[in-house]
Amino acid sequence: MSTILAIETSAERASAALLHRDTLIFREVDGVTTHSQTILPMVQSLLQEAHITLKDCDAIAYGAGPGSFTGVRTACGIAQGLAFGAQRPVIPLVTLLAVAHVCREKSGASDVLAVMDARMGEVYWAQYRYEQEWQIVVPPTLSVPSDVIPVREVTACGNGLRAYAADFKDKPYYSPVWQDLMPHAAQLAVLGARAFANGQIVDAARAEPLYLRNKVALTTLERQEKAERTAA
């Protein structure tokens, strides 16, 4: 089994995890506004607990997005810096897949719709199917809640369901059971080990976030117009 260090900062919770010798350990902090100040101490704590150094890791996985613009940049930047220092590759992983993975762990579902709050009246979503490995049914998408249309019957999960419950409540797939699930480094470490075994690694110099929103910053007028369209 490979040794994978994972970092996730795309949502409200910052987390780091280490998969080493079939043992998974993690640290997490909720409600942190500056994830960059919390991740490195968590990484150091994990390595100390496992009695290894960063160079003993085979690769560094990170939540590449979609998610908070600042958050996904933070995860990418920290993973890249650590990988450069240890001369190790990185593994960019889609945060929506991490949500789907934890949903499967908790519910046993094979067909999963992952929905994350994208703010500004929109959600990030994707659909996955698990058959020994995860398969993409609908790739990561940014849309208004009404445009979330899964291909078949699914188990829906993610904080986007809670953020826009009024929009989703009449959908056949809606359920509040898994609406508080968010991406976590623990799932990224497990997914990262599988990706590493399949050779899905990237040189640290090529580490990039995954952005679905082309224009991150809207002008005041654009925000007002968007709010008016959403309310209409």
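The values are calculated or read from the model by the stated rules, or taken from the named source; none is laboratory data. Predicted model only: the values in this text are computed from it and were never measured. Here the Cβ positions follow ideal geometry from the backbone for every residue, glycine too, while neighbour counts run over all protein chains shown. To get the accessible areas, we keep the full protein, side chains included, count just its heavy atoms, and leave off ligands, DNA and RNA. Shrake-Rupley method; radii C 1.70, N 1.55, O 1.52, S 1.80 Å.
When residues in the stretch 123-161 are screened for being assigned to a strand (DSSP E or B) and open to solvent by 30 Å² or more (accessible area, probe 1.4 Å), 13 of them pass. Looking across LEU96, LEU113, one residue alone is surrounded by 24 or more Cβ atoms within 10 Å (Cβ to Cβ), within 16 Å of the chain's Cα centre (by Cα) and not in a strand (DSSP E or B). It is LEU96.
Pairing residues of the stretch 55-70 that are closer than 15 Å to ALA86 by Cα with residues that are in a strand (DSSP E or B) and charged (D, E, K, R), at Cβ distances under 9 Å and at least 6 apart in sequence or on separate chains, gives ALA61/GLU8.
A quick yes/no check of all residues on (1) part of a strand (DSSP E or B); (2) at pLDDT 95 or above; (3) open to solvent by less than 70 Å² (accessible area, probe 1.4 Å); (4) touching a Ser or Thr at 6+ places or on another chain (Cβ under 6 Å):
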{"site": "ALA6", "(1), (2), (3), (4)": "yes, yes, yes, no"}
{"site": "SER10", "(1), (2), (3), (4)": "no, no, yes, yes"}
{"site": "ALA16", "(1), (2), (3), (4)": "yes, yes, yes, no"}
{"site": "LEU19", "(1), (2), (3), (4)": "yes, yes, yes, no"}
{"site": "VAL32", "(1), (2), (3), (4)": "no, no, yes, yes"}
{"site": "LEU47", "(1), (2), (3), (4)": "no, yes, yes, no"}
{"site": "GLY63", "(1), (2), (3), (4)": "yes, yes, yes, yes"}
{"site": "GLY71", "(1), (2), (3), (4)": "no, no, yes, yes"}
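If I filter the stretch 75-85 for residues that are touching a Pro at 6+ places or on another chain (Cβ under 6 Å) and open to solvent by less than 30 Å² (accessible area, probe 1.4 Å), do I get at least one hit? Looking for residues that are touching a Pro at 6+ places or on another chain (Cβ under 6 Å) and open to solvent by less than 30 Å² (accessible area, probe 1.4 Å), one finds at least one in the stretch 75-85, hence yes.
Just one of the listed residues (GLU153, GLU225) is over 19 Å from PRO66 (Cα atoms), among the acidic types (Asp, Glu) and modelled with pLDDT under 95, namely GLU225.
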